[in-house]
Amino acid sequence: MRGKKGFTLIELVLVISIVALLIMAVGLTGGVRENAKVHSAAESVKALRVAAESYIAAGNMTYTGISIDGLKTSGYLPGTFSAAGSNPWGGNYAVAANSDTGKVDISLTSVTSTSATRLSTLFANSAAATSYASETWTATF
């Protein structure tokens, strides 16, 4: 082997193994980020739901006229809460009365279909219904 240039089989296997591990690590971080986005959005939906329920508990008979700005003005949401472009996917949050004014709809825009499915699973036991259309996920409480 003296005088010959090149890599040994062990060196090649080692380099290929390291490259494969790096590729796997990069692939896994995407899943972690998406999981964090889903859980962050879920916490915001829970906060919006609590604010909406506080709105009703304060003596309002229905959700008619409810809005994020109104919830902020009434003190049910922090004044710093931003509905525009602030969900984890860069979309908006919205709160509105459902067609059944005794229920409220909380929506997120720019949500991926995979994330919408995961959000629906998280709220399967607490929401009256969830839906997804045109990148908008909605939960009815």
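The values are calculated or read from the model by the stated rules, or taken from the named source; none is laboratory data. As the structure is a computational prediction, the values presented were derived from the model and not from experiment. With ideal geometry, Cβ positions are generated from the backbone for all residues, glycine too; neighbour counts draw on all protein chains shown.
Restricting the search to the stretch 70-85, which residues are in a loop (DSSP other than H, G, I, E, B) and under 19 Å from residue 41 (Cα atoms)? Working first, answer last.
Here is the first cut: in the stretch 70-85, the residues in a loop (DSSP other than H, G, I, E, B) are 74-85.
Hits for the stretch 70-85 are 76, 77, 78, 79, 80, 81, 82, 83, 84, 85.
Might you check whether a residue that is of a type in the set (Lys, Arg) and assigned to a loop (DSSP other than H, G, I, E, B) occurs anywhere in the stretch 98-106?
Step one: of the stretch 98-106, the residues of a type in the set (Lys, Arg) are 103.
Add one more test, that the residue is assigned to a loop (DSSP other than H, G, I, E, B), and what stays is 103.
Yes - at least one qualifying residue is present in the stretch 98-106.
Among the numbered criteria (1) touching a residue at least 60 places away in the same chain (Cβ under 8 Å); (2) part of a strand (DSSP E or B), which one does residue 111 miss?
(2)
Which one is modelled with the lowest pLDDT, of the residues in the stretch 55-69 that are surrounded by 15 or more Cβ atoms within 10 Å (Cβ to Cβ) and assigned to a helix (DSSP H, G or I)?
55
Say whether the condition of being over 19 Å from residue 127 (Cβ atoms) and either part of a helix (DSSP H, G or I) or not aliphatic (A, V, I, L, M) (or both) is met by at least one residue in the stretch 45-54.
No, that holds for no residue.
Inside the stretch 86-119, can you point out the residues that are under 20 Å from residue 43 (Cβ atoms) and among the hydroxyl-bearing types (Ser, Thr, Tyr)?
86, 93, 107, 109, 110, 112, 114, 115, 117
Which of the residues belonging to the stretch 93-110 are at pLDDT 95 or above and touching a helix residue (DSSP H, G or I) at 6+ places or on another chain (Cβ under 9 Å)?
Answer for the stretch 93-110, where residues must be at pLDDT 95 or above and touching a helix residue (DSSP H, G or I) at 6+ places or on another chain (Cβ under 9 Å): 93, 94, 95, 104, 106, 108.
Could you tell me how many of the residues in the stretch 127-140 are part of a loop (DSSP other than H, G, I, E, B) and in contact (Cβ under 8 Å) with a residue 40 or more places away in the chain?
As a first pass, look at the stretch 127-140 and keep what is part of a loop (DSSP other than H, G, I, E, B): 127-128, 134-135.
Now restrict to residues that are in contact (Cβ under 8 Å) with a residue 40 or more places away in the chain: 135.
Total meeting the criteria: 1.
Check the stretch 79-95 and report whether any residue there is over 18 Å from residue 38 (Cα atoms), surrounded by 13 or more Cβ atoms within 10 Å (Cβ to Cβ), out of contact with any Asp or Glu (no Cβ under 8 Å at 6 or more places or on another chain) and touching a residue at least 40 places away in the same chain (Cβ under 8 Å).
Looking for residues that are over 18 Å from residue 38 (Cα atoms), surrounded by 13 or more Cβ atoms within 10 Å (Cβ to Cβ), out of contact with any Asp or Glu (no Cβ under 8 Å at 6 or more places or on another chain) and touching a residue at least 40 places away in the same chain (Cβ under 8 Å), one finds none in the stretch 79-95, hence no.
When you check residue 40 against the structure, is it within 21 Å of the chain's Cα centre (by Cα) and within 22 Å of residue 114 (Cβ to Cβ), yes or no? Show your work before the answer.
Working: within 21 Å of the chain's Cα centre (by Cα): yes; within 22 Å of residue 114 (Cβ to Cβ): yes.
It is true that residue 40 is within 21 Å of the chain's Cα centre (by Cα) and within 22 Å of residue 114 (Cβ to Cβ).
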